[in-house]
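Heads up: the structure comes next, in structure tokens.
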Amino acid sequence: MSTSARVAPVVRERRGLREYPLTQLVMVRFLEFWREPEAVFWVFIFPILLAAGLGIAFRQRAPEVVKVGVLMSDEHAGVISDAVAHDSRLEVVPLDDSAGMHALRTGRIALFVVPRAERTVEYRYDDTRPDARNARLLVDDAIQRAGGRRDVATARDRHVREPGARYIDFVIPGLLAMNLMGSGIWGVGFTIVEARRKKLLKRLVATPMSRSQYLASFILARLAMLVLEVGGLLGFGIWVFGVPARGSVGTIVMVTLTAALAFSAIGLLVASRVRTMEGASGLMNLVMLPMWIFSGVFFSASNFPNAAQPFIQALPLTAAADALRATLLEGASLGSLAGELGILGAWLLVAFAAALALFRWR
Amino acid sequence: MTTAAAALAVRALHKRYGDVVAVDGLDLEVRPGECFGLLGPNGAGKTTTIEICEGLLEATSGEVEVLGRRWASDERELRQLLGIQLQETQLAEKLTVRETVRLFRSFYERGREPDEVIALVQLEEKTRARVGSLSGGQKQRLALACALVGDPQLLFLDEPTTGLDPQARRQLWELIGELRAGGRTIVLTTHYMEEAERLCDRVAIVDHGRAIALGTPRTLVQSLGADHVVEFALGDAPIDAERLSRLEGVRSVRSNNGSWSLTVAELHVALPAILAEVERRGATLAELRTHSATLDDVFVSLTGRRLREGA
């Protein structure tokens, strides 16, 4: 064997943990991610901004005051207008006939009250609009009571406003699932395709690097990032909007972990052969588009026809969003989520096995 | 030198891509401690050959033995022993020089300290700089550092200076020269004859997937039987090649569209004779150049083409 003189003595040190290839590979993943400000924005900041926007748009308001127009030409109008104004849920807008009809058509008032004679009144409104029907009931009640009607039964009101049933509660777990999908598929996929395009993959397989450690580094880095990603969005939802987190921490961790692994494996599969960024981008959109549409991130997937449900339920994003909703909003236990976790686990195994078989290193 | 002791032995190597033959029966033997060059024009099959030797491509047929081992059975061991620089690898731009070398160091069981290798390739000042901010020459030296950090027994360099400016190329030549002086076995490919002449102990000239000549740069040039080349162009009147070749000291004559290229043994004797012949024919010289014979002239004499067309 060749025993040529070496330039310098061979260094054979006891390695610290930081010098192990897997540690180095995971560290490199982190460094590359953090040094890409755009990636940090889309993964961490954008979902929070989106949640904030949706939360504000669909926030719960104080019970709305209904505007009611009253025709002021008649001498009985003063009495009627006083009676209606007595109810704090109603606001009287004095109007003449043409202005009143115009306000009704444009929706500025829900109901137009036209006094006809003493103790006779005409209600003009659109009976297909719930708020208009509601206004008619309230106004009629106010006028009848002012006229001396007595209630025969005693009624008491108790207001129940429960967190968990609002739109923001529905959408936060959906956004969480969508974020897990996006960063899994984009984060893993683009980095690998980029490395292949730049021949960095080929250079790496020319070293003694273990190929499975290389792939594992993506998944490990994803899991570590998960803590920040999920923590950030969920923490924001809980803190700012009071979204409930009724499930146990263990269940929430299990669900997000399984979902993140499944989406990372799908990212590996998508990136397993593509050579160009354009190809990767197209393929990723093809994979994610059906899930963006059907998986019920922004509205319930049950709105789609029954015939499509088996397909929709088999999508990993549907499983992830449903499982997150069940545990956060209803406090579902791990056992009751077996179906969703099973679907995610199946995606994980199938996608990972296919990725390993198809992966092109050069 | 017996085959068993060769650092790299290649026998009857063939590589076909469909109908295209990239390597067509190539034989090589690289001795421990030498710097061996594969010199040839683009598309000669150099990169295919070196990548088969590096275990990155499968040969269609033929045998490759690296440090006495074979890729099929000893890949794990071989990967630890080789240092490889590929053509056109782009290392991760967001990492620093040290982070990159450290990553590569972690793959090897034994090797050198990252900082030591960075100093060796003269990138100390760039240790904390991002790879994306390096110049072409600096990137190429970083690639060399990544190839050296596992303290390889055999170093493969595929076109190490292609695309670099002359200054960066000279700096890299100095580095490779130092490695060679340190006794490291190196196999490199190049299409620059100056590079092969300057760096290599022995050179194989490769064309159309075959080694068409093998030897030290000196013996290859000597094989021309002439140590100078006279090139001239005539403005008008024709000249007789037959008469030129019979002049004293002239070994060979080539002409192409009124440009003449003669290899000559004794410039001081041949040149006056050539000029006299030109004058006798009443022709006027449009151009006259002489240079010492190079590997490029060897390539021309073997193939009729230049290493770099248009160069």
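The values are calculated or read from the model by the stated rules, or taken from the named source; none is laboratory data. Since the model is a prediction, treat every value here as computed from it, not as a measurement. Quick reminder, even Gly has a Cβ in these numbers, built from the backbone with ideal geometry, and neighbours come from all protein chains shown.
Among the residues of region A:94-132, what is the count of those that are of a type in the set (Val, Ile, Thr) and closer than 16 Å to A:Asp82 by Cα? Before the answer, list the steps.
Start the filter on region A:94-132 by keeping residues that are of a type in the set (Val, Ile, Thr), which leaves A:106, A:109, A:113-114, A:120-121, A:128.
The next check asks that each one be closer than 16 Å to A:Asp82 by Cα; those that pass are A:113-114, A:120-121.
Residues that pass the stated criteria total 4.
If A:Glu19 satisfies every condition in (1) at pLDDT below 85; (2) more than 8 Å from every other protein chain (Cβ to nearest Cβ); (3) touching a helix residue (DSSP H, G or I) at 6+ places or on another chain (Cβ under 6 Å) but one, which is the exception?
Checking A:Glu19 against (1) at pLDDT below 85; (2) more than 8 Å from every other protein chain (Cβ to nearest Cβ); (3) touching a helix residue (DSSP H, G or I) at 6+ places or on another chain (Cβ under 6 Å), the one that fails is (2).
For the subset of region B:2-12 comprising residues that are assigned to a strand (DSSP E or B) and farther than 17 Å from B:Ala213 by Cβ, which member is nearest to the other protein chains (Cβ to nearest Cβ)?
In this case the residue turns out to be B:Leu8.
I need a count of the residues in region A:227-245 that are exposed (fewer than 15 other Cβ atoms within 10 Å of the Cβ) and in contact (Cβ under 8 Å) with a residue 40 or more places away in the chain.
The total comes to 3.
Which condition number does A:Ala39 fail, the rest of (1) more than 30 Å from the chain's Cα centre (by Cα); (2) of a type in the set (A, V, I, L, M, F, W, C); (3) under 30 Å from B:Arg98 (Cβ atoms) being met?
(1)
Return yes when A:Asp141 is among the charged types (D, E, K, R) and either within 30 Å of A:Asn179 (Cβ to Cβ) or not in a helix (DSSP H, G or I) (or both) and no when it is not. Walk me through it before giving the result.
On the way: among the charged types (D, E, K, R): yes; either within 30 Å of A:Asn179 (Cβ to Cβ) or not in a helix (DSSP H, G or I) (or both): no.
Answer is no for this residue.
I need the full set of residues from region A:155-205 which are outside any helix (DSSP H, G or I), in contact (Cβ under 8 Å) with a residue 24 or more places away in the chain and of a type in the set (A, V, I, L, M), in order please.
none
Answer with yes or no whether B:Arg170 is farther than 30 Å from B:Glu109 by Cβ and surrounded by fewer than 21 Cβ atoms within 10 Å (Cβ to Cβ). Even if it seems obvious, please write down each step before you answer.
Working: farther than 30 Å from B:Glu109 by Cβ: yes; surrounded by fewer than 21 Cβ atoms within 10 Å (Cβ to Cβ): yes.
The answer is yes for B:Arg170.
When only residues in region A:71-127 that are assigned to a strand (DSSP E or B) and of a type in the set (Ser, Thr, Tyr) count, which is surrounded by the most Cβ atoms within 10 Å (Cβ to Cβ)? Give the steps one after another, and end with the answer.
Here is the first cut: in region A:71-127, the ones assigned to a strand (DSSP E or B) are A:71, A:90-95, A:111-117, A:120-124.
Subsequent filtering for residues that are of a type in the set (Ser, Thr, Tyr) retains A:120, A:123.
Working: A:Thr120: 9, A:Tyr123: 16.
The qualifying residue surrounded by the most Cβ atoms within 10 Å (Cβ to Cβ) is A:Tyr123.
If I go through region B:149-174 residue by residue, how many of them are touching a Lys or Arg at 6+ places or on another chain (Cβ under 7 Å) and of a type outside the set (Asp, Glu)?
Step one: filter region B:149-174 for residues touching a Lys or Arg at 6+ places or on another chain (Cβ under 7 Å), giving B:149, B:151, B:155, B:161, B:172-173.
Right, trim to of a type outside the set (Asp, Glu) and you get B:149, B:155, B:161, B:172-173.
Of the residues in region B:149-174, 5 are touching a Lys or Arg at 6+ places or on another chain (Cβ under 7 Å) and of a type outside the set (Asp, Glu).
Do the conditions hold for A:Ala224, that is, is it more than 14 Å from every other protein chain (Cβ to nearest Cβ), assigned to a helix (DSSP H, G or I) and buried (at least 21 other Cβ atoms within 10 Å of the Cβ)? Steps first, answer last, please.
Numbers: more than 14 Å from every other protein chain (Cβ to nearest Cβ): yes; assigned to a helix (DSSP H, G or I): yes; buried (at least 21 other Cβ atoms within 10 Å of the Cβ): no.
Taking the combined requirement at face value, the residue does not satisfy it.
Being outside the structural domain of B:His14 (by TED's automatic domain parsing) and in contact (Cβ under 8 Å) with a residue 12 or more places away in the chain narrows it down to one residue among B:Val206, B:Val269; which is it? Full working, then the answer.
On the way: B:Val206 fails: outside the structural domain of B:His14 (by TED's automatic domain parsing).
It is B:Val269.
Quick one: B:Val101 ticks every box in (1) in a helix (DSSP H, G or I); (2) over 23 Å from the mean Cα position of the chain (by Cα); (3) surrounded by 21 or more Cβ atoms within 10 Å (Cβ to Cβ); (4) at the interface with chain A (Cβ under 9 Å from one of its Cβ atoms) except a single one, so which number is it?
Condition (4) is where B:Val101 drops out.
Residue pairs, Cβ under 6 Å, 6 or more apart or interchain, first in region B:84-99 and closer than 14 Å to A:Thr191 by Cβ, second assigned to a loop (DSSP other than H, G, I, E, B) and among the charged types (D, E, K, R). List them.
Partner pairs satisfying both residue conditions: B:Gln90/A:Lys198; B:Lys94/A:Arg35.
So is B:Leu95 more than 7 Å from every other protein chain (Cβ to nearest Cβ) and not basic (Lys, Arg) or not?
Working: more than 7 Å from every other protein chain (Cβ to nearest Cβ): no; not basic (Lys, Arg): yes.
No.
Show the residue pairs that are 6+ apart or on different chains and have beta-carbon atoms under 9 Å apart, the first residue being within region A:64-90 and under 16 Å from A:Arg124 (Cβ atoms) and touching a residue at least 60 places away in the same chain (Cβ under 8 Å), the second being aromatic (Phe, Trp, Tyr) and buried (at least 19 other Cβ atoms within 10 Å of the Cβ).
From residues that are under 16 Å from A:Arg124 (Cβ atoms) and touching a residue at least 60 places away in the same chain (Cβ under 8 Å), the pairs are A:Val68/A:Phe112.
Determine, yes or no, whether B:Arg184 is basic (Lys, Arg), buried (at least 22 other Cβ atoms within 10 Å of the Cβ) and either more than 9 Å from chain A (Cβ to nearest Cβ) or within 21 Å of B:Cys53 (Cα to Cα) (or both). Let's see the steps before the verdict.
On the way: basic (Lys, Arg): yes; buried (at least 22 other Cβ atoms within 10 Å of the Cβ): yes; either more than 9 Å from chain A (Cβ to nearest Cβ) or within 21 Å of B:Cys53 (Cα to Cα) (or both): yes.
Here the answer is yes, as B:Arg184 does meet what is asked.
Among the candidates A:Glu91, A:Glu36, A:Glu32, A:Glu122, single out the residue that is under 30 Å from A:Gly174 (Cβ atoms), modelled with pLDDT of 85 or more and touching a Lys or Arg at 6+ places or on another chain (Cβ under 6 Å).
Working: A:Glu91 fails: under 30 Å from A:Gly174 (Cβ atoms); A:Glu36 fails: touching a Lys or Arg at 6+ places or on another chain (Cβ under 6 Å); A:Glu122 fails: under 30 Å from A:Gly174 (Cβ atoms).
Residue meeting the stated conditions: A:Glu32.
Please work out which residue is nearest to the other protein chains (Cβ to nearest Cβ), limiting yourself to region B:104-136 and to residues that are hydroxyl-bearing (Ser, Thr, Tyr) and in a loop (DSSP other than H, G, I, E, B). Full working, then the answer.
Kept after step one, since they are hydroxyl-bearing (Ser, Thr, Tyr), are these residues of region B:104-136: B:106, B:108, B:127, B:133, B:135.
In the following step, the residues that additionally are in a loop (DSSP other than H, G, I, E, B) were identified as B:108, B:127, B:135.
On the way: B:Tyr108: 6, B:Thr127: 15, B:Ser135: 18 Å.
The qualifying residue nearest to the other protein chains (Cβ to nearest Cβ) is B:Tyr108.
Scanning region B:40-75 for residues that are under 30 Å from B:Gly304 (Cα atoms) and surrounded by fewer than 16 Cβ atoms within 10 Å (Cβ to Cβ), which turns out farthest from the other protein chains (Cβ to nearest Cβ)? Write out each step before concluding.
Of all residues in region B:40-75, those under 30 Å from B:Gly304 (Cα atoms) come to B:40-53, B:59-62.
Filter once more, so that each one left must be surrounded by fewer than 16 Cβ atoms within 10 Å (Cβ to Cβ): B:42-43, B:60-61.
Details: B:Asn42: 18, B:Gly43: 19, B:Thr60: 17, B:Ser61: 21 Å.
Selected residue: B:Ser61.
Restricting to region B:246-271, count the residues that are surrounded by 13 or more Cβ atoms within 10 Å (Cβ to Cβ) and in a helix (DSSP H, G or I).
Residues that pass the stated criteria total 4.
What residue, of B:Gly68, B:Gly62, B:Gly33, B:Gly43, is assigned by TED's automatic domain parsing to the domain that holds B:Glu159 and farther than 27 Å from A:Thr207 by Cβ? Reasoning before the result, please.
Working: B:Gly68 fails: farther than 27 Å from A:Thr207 by Cβ; B:Gly62 fails: farther than 27 Å from A:Thr207 by Cβ; B:Gly33 fails: farther than 27 Å from A:Thr207 by Cβ.
Step by step, each of B:Gly68, B:Gly62, B:Gly33, B:Gly43 is checked, and only B:Gly43 is assigned by TED's automatic domain parsing to the domain that holds B:Glu159 and farther than 27 Å from A:Thr207 by Cβ.
Got at least one residue in region A:69-81 being outside the structural domain of A:Ser217 (by TED's automatic domain parsing), of a type in the set (Val, Ile, Thr), at pLDDT 85 or above and over 30 Å from B:Asp151 (Cβ atoms)?
yes
I'm told A:Pro208 meets every condition in (1) within 14 Å of another protein chain (Cβ to nearest Cβ); (2) assigned to a helix (DSSP H, G or I); (3) in contact with a Lys or Arg (Cβ under 6 Å, 6 or more places away or on another chain) except one. Can you identify the failing condition by its number?
Going through (1) within 14 Å of another protein chain (Cβ to nearest Cβ); (2) assigned to a helix (DSSP H, G or I); (3) in contact with a Lys or Arg (Cβ under 6 Å, 6 or more places away or on another chain) one by one, A:Pro208 breaks only (2).
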